[in-house]
Amino acid sequence: MSDEPLTLASGSPRRRQLLEMLGIPLRVIPANLPEVRRVHETPVDYVERLAREKALSVPGRLVLGADTTVVVRDAVLEKPSDEADALRMLRKLTGRTHQVVTSVALAAGEALHQATDVTNVTFRRVDDAFLEAYIATGEAMDKAGAYGIQGYGAALVERIEGDFFSVMGLPVRLVLQLLEKAGEKYLFGGQEGRAAFSAAR
């Protein structure tokens, strides 16, 4: 078993939080790649490509890349450019069901493992004043679809069908599956109470 930590190729505090919650030894090196959807690229193809590119762009023995986008009626909603853009996005989502697409890719030596999750999220029907009050919290501005389900944005949600952690930006179950495929089985409570990996080869 190597002592080298998992490298997270993302600056997302939510993704880091979820990995730290599991006690996984971690270092963060944001990939800082341009995130531009190509012509005719489906939402799933788009997030899968970005996750792969992130995982392959950062050095490390085990490098995890991830990308998330929100899709409503075939429209892709990424991070809002300003408060007016956030309001436009949230108006599209209110009273409707949308899909949160998250892909994770793990570069492990010469191998690349990948998995993708699609979760349905339904928003309550609320008025513009409610949406504007949410935007005023500042939470909407750095998140795909202009909301964070783990924060104030929970007040917008009526129901969720699928993986809550995927909506946060990192489907934990898929990350552990990818690590196991790479020969790194997750163990609870390693040294000093931290989790560890055990060679599953």
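Read the figures in this text as sums done on the coordinates, not as results from a lab. Only a predicted model underlies this, so the values are computations on that prediction, with no experimental measurement involved. Counting neighbours? That spans all protein chains shown, and the Cβs are built from the backbone with ideal geometry, glycine included.
Computed from the Cα positions only, the extents of segment 7-90 along the three principal axes stand at 39, 26, 19 Å, in decreasing order. So which lysines pass the test for Lys54, namely a Cα distance under 27 Å, with those fewer than 8 places away in the same chain ruled out? Straight-distance partners of Lys54: Lys79, Lys143, Lys181, Lys185.
Normalised by residue count, the chain yields a Cα convex hull volume of 117 Å³ per residue. Full extension of the chain between Ala154 and Ala84 gives 23.1 nm of extra length, using 0.36 nm per residue less the Cα-Cα distance.
Evaluated with a Cβ-only charge set (Lys, Arg +1; Asp, Glu -1), the chain carries a dipole of roughly 280 debye about its Cα centre, given to the nearest 20. With 0.36 nm allotted per residue and the present C-alpha distance subtracted, the Thr97-Ile29 stretch has 21.1 nm of extension available. Around the amide H of Leu77, modelled in the peptide plane, lie the amide H atoms of Val70, Val71, Val72, all under 5 Å away and 5 or more residues distant in sequence or on another chain. Spatial offset of segment 67-101 relative to segment 124-179 amounts to 11 Å, using the alpha carbon center of each.
Computed from backbone phi with θ = phi - 60° and the Karplus coefficients 6.51, -1.76 and 1.60, the 3J(HN,Hα) list for segment 133-141 is 5, 5, 4, 5, 5, x, 5, 6, 6 Hz; x is used for glycine and proline.
Highest GNM mean-square fluctuation among Leu90, Leu187, Leu178, for the chain modelled with Cα contacts below 10 Å: Leu187. Comparing mean-square fluctuations of Pro171, Pro34, Pro25 from a GNM of the chain with C-alpha springs under 10 Å, the top value falls on Pro34.
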